Amino acid sequence: MTVAELAVLEHHHGGASVDGLRQMALTLRRGELSGSRGDLELILTDAAWITKTRHDWAWPYYLAARASAAMQIHEFVPHDVEAGEDTVIAFADNTWRDLRTALQYQPDFPQAERFLTPLLVAGGDRVLRDDERAALQPLVERPAPNPDALLVWGRYLRTYHAYDSALVVFNRALALGGDSSRLDLERARTLRALHDSVHATAAYWRGLAHLTPVGRVLYHDDLSWIIAPDSLAAFDRLAAGNVMPWMQRFWNQRDAAAVLDPGARLNEHLRRWVVAFGRYRVLSPWRRVMHHQIDVFYENEDCMHMEKGLYELLWRIPPSDDGDLRRREWLLDHRGILYLRHGEPLKRFGGMSIVPDPEDFLLGPHADSADHTGVWSDWQKGGGQRLGGNLASASPADVGLQEHPTHLESWLYLVDDQYRMVTFRDSRALGNYAATTMTSYVPYSANYLLALSGTLPEYHTAGERIVKEGPIPRRDVLGPSCWDEVRAAAQRSRRDATATVTTDTDSPPIVLPWQSTIQMFALGGGDERNGEAFITYAVGSPAMKSQLATDGSTIYPVHFRVVAWEKHTGQTITVDTLRGFVIPHLLGVDQQLISWLEIPLPPGDWQIATRVKQENDSSGAYAIRDDVHIDAGPAVAVSDVVLGRTGAAPWTATDGGIFPVNTTHRWPVGGSAELYYEVHGVPTSAPYRATIEVRPVDTHIKQTIRITTDEQSLGAVTHMRRTLGLQGLAPGNYQLTITIDAAGQHASRTEPLIVDLPPH
């Protein structure tokens, strides 16, 4: 309590009656500063005693509300709570109840308003509880309300999809002098919900242009949903004047990675925010009790122990403000977190419940208020619609020792240039009304595993093993989690889950992927000013659209788009080209179209992403490489190694000769690989040593190749061609490394090499 507040208190109550309240105020201040539970509990006791005789005094309720808030912030547990029971929300309940009562008895109570509004602002986009809303509503109905109160009210309206009304409220708060940075980010989200992408992104950047300390906190929280803590720490270390260029660079890189026009990735981020907060909120989170954990005991089995690290990471993702009394409540379920990071999945499998179960409404607000279920309109539509058939209705025998999920859903994503499957189920922590909670591996349902097998072969093998075994073994016998096939599927699932939680997706959505191999090579150097990215394509699909030429041949029009982004300067180079491939007949199942692009690049470290499609954005191919390095200066360097195969498509290499590029990067057992690379920085006629090494990636393969030769430089650039025999290498995945040593300097490059084709 401040001196000014004590003076106001004496003015309101006067005489001897104020002495007790004055002493309470001093005790409260001491308790807030020291975190003394004894002081804070004394306030609650005295306030309860005073209100028994003077129930219409507002100040005791206000002092009690502040004491309860301090108890909540320090996470004290009520004395009447059973051991192990998590009910830290109890003091937050009391805070809002007493604030509401104080304002009922004394509507003109600026001290209570100054205390209440920051608490609500710190709560972010949480659904307002009845007591919170009742305390706030009179404040926003004043002729000139506090702009921060309007900020919270706008969030409240947006929660219930009243986007037009929310925008009006945010605009009014701005006109009344509210924080422009914070309000512009909220306006950006609301405008995007109204499908006004142009003004939404403009508002986002305007908030950064007028960045304030409180606005920076909100932008930090917005980023924390999608990026790793190390990147977030870099944002936090920025000087105020560097935030805008850092954010421009942040979104420009993602535009380039997604092969999009400038601004498109930010627009997609705002769209994801609207969908996630409109569709995947946790129902009645204030009535749930598992705030610090998820009931994942079903994972702790004989041979498949709980993936604790993954769940701990998930618990840390939702951002929270230290002043938020409800910061331990779940705001979004795990589907919402994944949606913010990766957007709409390429495919959904399993059943998705639309209508919450009655059990969820038992977890609603207190009995004296109605549950505002209107916010869940997306779930209320459809009457229990299920996607992908009745895949979640496996019998209990299917799942062995696991607890059988009531709801099960899997999403397919393209993350880090690989397809990833993430699976969700119901839980007490986040809700039993839908598949709200990520599970680190797919439950042991043969039906469900086989339904996913068209995407990931490991699931097919596991499903077949469960079908083969018939009834699940007795509980005293090691069950499915110990079977090799099931463990392989679980390990794949856990790798995919970790990848989706630790990154965000910039790749474009490709629902119908083509069979493709796309390789990128860095050639040339800075001194010679002949740097380039050489990109090879082998793409094809029976579903590709074609045109019939007048001579009876088939024409495939294919659009190639490449976006190169230099990491240090932010320079972007974009290439768009449409090519028509003329072949005698339609593509067969295993046939592909072969093409390549050469893109001049200055020296630097480049991220290159490429998208191949026809007119339909939902099909095609995509690839990204973030370590394309064009050397600069006189130092010894070696280019990437272009790999070839006799009889492959001819390419005019940088030395002017023809080279047979192997666009599929596969070689026959016992065959040979052609190598093409450049050596830079070795003076003319100077000696250097070249080492060619092939090592297996697959751990079960032991064969290796190592060849060392002494060479002589032919000038500023030495173009090298070599033939490498693959005899003795077993089928599998390998890495080929070229190393150059000259005058004490060392340089190397590595390329993948796959031996899996039948011998000639």
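Values in this text are rule-based calculations from the coordinates and carry no lab data. Since the structure is predicted, the reported quantities are computational estimates derived from the model, not experimental observations. In this analysis, Cβ positions are derived from the backbone assuming ideal geometry, glycine residues included, and neighbour counts consider all displayed protein chains.
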* Asked: Between Asp756 and Glu598, what length comes free when the chain is fully extended (0.36 nm per residue of separation minus the Cα-Cα distance, one decimal in nm)?
  -> 54.0 nm
* GluC sites (Glu not before Pro) restricted to DSSP loop in segment 669-700 with at most 10 other C-beta within 10 Å -> none
* Percent relative contact order of segment 107-245, based on C-alpha pairs within less than 8 angstrom and at least six residues apart? -> 16
* Would you calculate, for the chain, the mean residue ellipticity at 222 nm contributed by helices, counting each DSSP H stretch of 4 or more residues as -39,500 (n - 2.57) and dividing by all residues, to the nearest 500? => -11000 deg cm²/dmol
* Structure fact -> Per the 1/(1 + (r/R0)^6) rule, R0 = 41 Å and r from the Cβ atoms of Asp321 and His568, FRET efficiency to 0.05 is 0.75
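Go through 712-725, 337-350, 51-64 and give me the packing order, highest mean Cβ count within 10 Å leading. Don't skip to the answer; put the middle values down first.
Working: 712-725: 15.6, 337-350: 21.0, 51-64: 18.7.
Going from most to least packed, we get 337-350, 51-64, 712-725.
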* Label corresponding to Cα extents along the principal axes in Å when calculated from the structure given, among [x] 95, 75, 64; [y] 77, 65, 52; [z] 102, 65, 59 -> [z]
* Which Cα, out of Trp411, Ala446, Leu478, lies furthest along the positive dipole direction of segment 408-539 (beta carbon charges, K/R +1, D/E -1)? -> Leu478
* Simple label model, 7 Å out from Cα along Cβ direction - Val198 to Val697, nm -> 4.6
* Tilt of helix 197-209 relative to the longest C-alpha principal axis of the chain, in degrees (0 to 90, nearest 10)? -> 70
* **Top positive-direction residue, dipole computed over the chain with Cβ charges, set Pro285, Val669, Gln735** => Val669
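Taking a ≥ b ≥ c as the square roots of the eigenvalues of the Cα gyration tensor of segment 447-588, is the shape rounded (a/c under 1.5), prolate (a/b larger than b/c) or oblate? Present the calculation step by step, with values, prior to reporting the outcome.
Values: a/c = 3.54, a/b = 1.65, b/c = 2.15.
In terms of gyration-tensor shape, oblate.
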* What number, in percent, do you get for the relative contact order of the chain if the mean sequence gap of Cα pairs under 8 Å and at least 6 apart is divided by its residue count? -> 8
* **Ranked by how many other beta carbons lie within 10 Å on average, peptides 535-548, 634-647 from highest** => 634-647, 535-548
* Asked: Placing +1 at every Lys and Arg Cβ and -1 at every Asp and Glu Cβ, with all other atoms neutral, what dipole size does the chain have around its Cα centre, in debye to the nearest 20?
  -> 760
* Asked: So for segment 524-577, taking the charge dipole from beta-carbon charges (+1 Lys/Arg, -1 Asp/Glu), which of Val558, Gly524, Thr572 sits furthest toward the positive end?
  -> Val558
* To do: Rank-order 507-516, 430-439 by packing density, defined as the average count of other C-beta atoms within 10 Å over each peptide's residues, highest first.
  => 430-439, 507-516
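Do any GluC sites (Glu not before Pro) in segment 533-627 lie in a loop, going by DSSP, with at most 16 other beta-carbon atoms within 10 Å of their beta carbon, and if so which? List each step's numbers first, then the result.
Values: sites: Glu566, Glu598, Glu615; in loops: Glu615.
The qualifying sites are Glu615.
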* **Mean Cα-pair separation over length for segment 160-218, i.e. relative contact order, pairs under 8 Å, 6 or more apart, %** => 38
* Structure fact -> The equivalent-ellipsoid semi-axes of segment 620-760, taken as the square roots of five times the Cα gyration tensor eigenvalues and listed largest first in whole Å, are 26, 18, 15
